[in-house]
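Heads up, the thing below is written out as structure tokens.
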Amino acid sequence: MSDKELGIGLVGTGTISAFHAHAIAATPGARLVAATSRREKPGREFTDEFGCDYVPSLDELLARPDVDVVAITTPSGNHAEAAIAAAKAGKHVFCEKPLDVTVEKIDSMIEACDQAGVQLGAVFQSRIGDSGKTLKEAVDSGRFGKLSQCSAFIPWFRDEKYYSDVAWRGTWELDGGGALMNQGIHAVDMLLWIAGDVAEVSAKCQTRLHDIEVEDNAVAWLRFTNGAIGVIQASTCSYPGQPRRIEIMGEKGTVILEDDLFKTWSFADEQPGDAEKLNPPQLSGIGGGASDPRAIGTEGHRRLYVDFVDSIRENRPSLITGAEARRAVELIRAIYQSSREGRTISLR
């Protein structure tokens with residue numbers, strides 16, 4: 001496998017699939033060979049645009065010997081079905097966020113891939129932004145001392161047309177949630193990656209402005225296993241939409257990260273290079289999508305594809321494994337449970 005070009009088959013040809021196609025084209029040693037969609041017309045338009053074969057069904061895609069990796073970009077609640085089928089066919093699985101909309105379905109995906117001996121990788125591109133990785137290193141190296149407050153804010157905006165134009169959006173069955181499960185999950189994943197696991201959560205979710213089943217406005221209080229506390233605020237009804245923000249504070253420092261740019265980088269023990277953190281020589285190209293879901297860029301996807309292809313060749317775990325991607329869904333489901341039942345939920 002080390003020298004072989006990896007053929008990638010795409011399942012789903014909706015909005016996010018174009019980002020995958022562009023990222024695959026920019027990944028050495030990988031090629032988009034085919035795509036399938038339940039809707040033939042947009043499926044064929046996609047394959048014509050990106051120069052790959054249209055395949056009428058998932059079964060036919062999985063039967064192709066030139067497909068080594070199946071990339072899943074279908075509605076979230078359909079991810080596990082495609083992933084399990086791909087694993088049973090011996091294909092590696094690269095899946096858009098969230099892996100699926102329940103912990104139970106994600107566990108079934110992880111088990112199927114483990115049993116088949118194939119890789120399961122997830123798309124959380126915010127993790128691999130340059131500034132995000134720098135913040136993670138600062139926490140891990142102890143620069144903050146004892147962490148005190150660790151929070152995530154996603155004050156985004158989506159108009160009614162965003163939901164009404166695509167039938168599965170804003171539904172429990174296929175979207176699995178709203179401002180948290182769809183838009184906020186990147187920030188939730190980042191927070192868990194940087195600050196560690198959450199021990200307990202108390203939350204309030206509401207459907208404030210949109211005609212949808214799920215929440216468009218949510219606030220959660222967190223206690224982390226390391227003793228720090230924090231909040232998550234997520235919304236799709238905060239016009240016109242502001243950058244996603246991660247705030248990490250401790251006894252020796254404070255950092256505020258907006259998308260992948262530092263707005264605050266302040267430590268009691270200054271080190272060489274600290275002053276440059278606020279004015280990086282170049283931007284990583286990891287976009288946010290505060291007002292427009294298409295404004296995220298493809299650089300994050302490209303970096304993840306490069307890593308996933310390398311992980312297959314090197315027979316090692318990818319940067320974001322199924323177990324890692326599971327964590328954000330577990331916390332979001334606990335937030336929903338807390339809001340629904342009106343009580344604090346313990347996770348650890």
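A short reminder: the numbers here are calculations on the coordinates, not readings from a lab. On a predicted model such as this, the values are computed, not experimentally measured, just so you know. Note: ideal-geometry Cβ built from the backbone for every residue, glycine included; neighbour counts use all protein chains shown.
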Legend entry - Qualifying lysines (Cα of each under 16 Å from Cα of Lys88; at least 8 residues distant if same chain): Lys105
Legend entry - Neighbour-limited loop hits for GluC sites (Glu not before Pro), region 216-288 (at most 16 other Cβ within 10 Å; DSSP other than H, G, I, E, B): Glu251, Glu270
Inset, instruction - Take Arg343, project a point 7 Å from its Cα along the Cβ direction, then tell me which residues of region 189-225 have their backbone nitrogen under 14 Å from it. - result: 201-203
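Kindly provide the Kirkwood hydrodynamic radius of region 1-48 in Å, to one decimal, from all pairs of distinct alpha carbon atoms.
Details: mean 1/r = 0.0888 Å⁻¹.
Averaging 1/r across every pair of different Cα atoms and inverting gives 11.3 Å.
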Legend entry - Magnitude of the charge dipole, the chain, Cβ model with Lys/Arg +1 and Asp/Glu -1, debye to 20: 500
Inset, instruction - Give the cross-link partners of Lys277 among the lysines, using a straight C-alpha distance below 30 Å as the criterion and excluding same-chain residues fewer than 8 apart. - result: Lys97, Lys133, Lys136, Lys146, Lys252, Lys263
Legend entry - Projected label distance in nm at Ala323 and Trp172, using a 7 Å step from Cα toward the beta-carbon: 3.2
Legend entry - the chain, helix-only ellipticity at 222 nm - DSSP H runs n ≥ 4, -39,500 (n - 2.57), divided by all residues, nearest 500: -10000 deg cm²/dmol
Legend entry - Hits among lysines - C-alpha to C-alpha of Lys91 under 18 Å, sequence gap 8 or more where chains match: Lys4
Inset, instruction - Express the relative contact order of region 6-122 as a whole percentage, based on alpha carbon pairs under 8 Å and six or more residues apart in sequence. - result: 24
Legend entry - Crossing angle, helix 322-341 versus the chain [Cα axis fit, 0-90 degrees, rounded to tens]: 60
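For an R0 of 41 angstrom, estimate the FRET efficiency from the Cβ-Cβ distance between Ala268 and Arg44 and round to the nearest 0.05.
0.10
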